[in-house]
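Let me begin by presenting the structure, written as structure tokens, before commenting on it.
The values are calculated or read from the model by the stated rules, or taken from the named source; none is laboratory data. What you see is a predicted model, and the numbers here were worked out from it, not measured in a lab. Because the Cβ atoms are built from the backbone with ideal geometry, glycine has one as well, and the counts that use them run over all protein chains shown.
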């Protein structure tokens, strides 16, 4: 019986250590939110591989709301397929309360825009083509993002 309890306790400690080890530590301090370990290549070409703690996501056809107390890795939060029109408009609020973080708009394997941190931000892409992805990367990031997008002068987006 004591052996089973000791084994169960060791297993629990091992699982907790593995879970804690999955987050990437913020190595450049609270005043610098630039990424240290996640490279631009990983952000563009890497698969969505991430660990998050206390996250809430709400998606609709043209919007995403995501908040997370601790996020590490790379995640695509929205894929936008454009079927025509004059421009694509993305409105968003992005708040960062700690850690390192970057949000980008990707098209054809290239970063076309960074999404700066702040409230009431807007990005307009004239004559958009095919599809875009909004990706985030974080290293122990505590953040909230709310975004909506519109394809102007088109039937669907």
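Which residue out of 103, 137 is touching a helix residue (DSSP H, G or I) at 6+ places or on another chain (Cβ under 8 Å) and under 22 Å from residue 32 (Cα atoms)?
137
How many residues are surrounded by fewer than 19 Cβ atoms within 10 Å (Cβ to Cβ) and either part of a strand (DSSP E or B) or at pLDDT 90 or above (or both) when one looks only at region 79-93?
6
What's the number of the condition residue 77 fails, among (1) free of Cβ contacts under 8 Å to residues at least 24 places away in the same chain; (2) farther than 14 Å from residue 40 by Cα?
(1)
Do any strands (runs of 3 or more DSSP E) entirely within region 100-157 hold 2 or more residues that are over 30 Å from residue 27 (Cα atoms) and in contact (Cβ under 8 Å) with a residue 40 or more places away in the chain, and if so, which?
Per the criteria, 131-152.
Being touching a strand residue (DSSP E or B) at 6+ places or on another chain (Cβ under 6 Å) and loosely packed, with under 14 Cβ neighbours inside 10 Å is the filter; apply it to region 125-147 and report the residue that is modelled with the lowest pLDDT.
Checked region 125-147; the qualifying residue modelled with the lowest pLDDT is 126.
May I ask you to say which residue of 65, 52 is modelled with pLDDT of 95 or more, surrounded by 15 or more Cβ atoms within 10 Å (Cβ to Cβ), part of a strand (DSSP E or B) and in contact with a strand residue (DSSP E or B) (Cβ under 7 Å, 6 or more places away or on another chain)?
Within the list 65, 52, the selection yields 65.
Out of the residues in region 94-119 that are surrounded by fewer than 16 Cβ atoms within 10 Å (Cβ to Cβ) and over 20 Å from residue 80 (Cα atoms), which is nearest to the chain's Cα centre (by Cα)?
For region 94-119, the residue satisfying everything is 95.
Within region 6-47, restricting attention to residues that are modelled with pLDDT of 80 or more and part of a helix (DSSP H, G or I), which residue is nearest to residue 75 (Cα to Cα)?
43
Spot the failing condition for residue 151; the list is (1) out of contact with any helix residue (DSSP H, G or I) (no Cβ under 6 Å at 6 or more places or on another chain); (2) within 23 Å of residue 23 (Cα to Cα), and only one is missed.
The number of the failed condition is (2).
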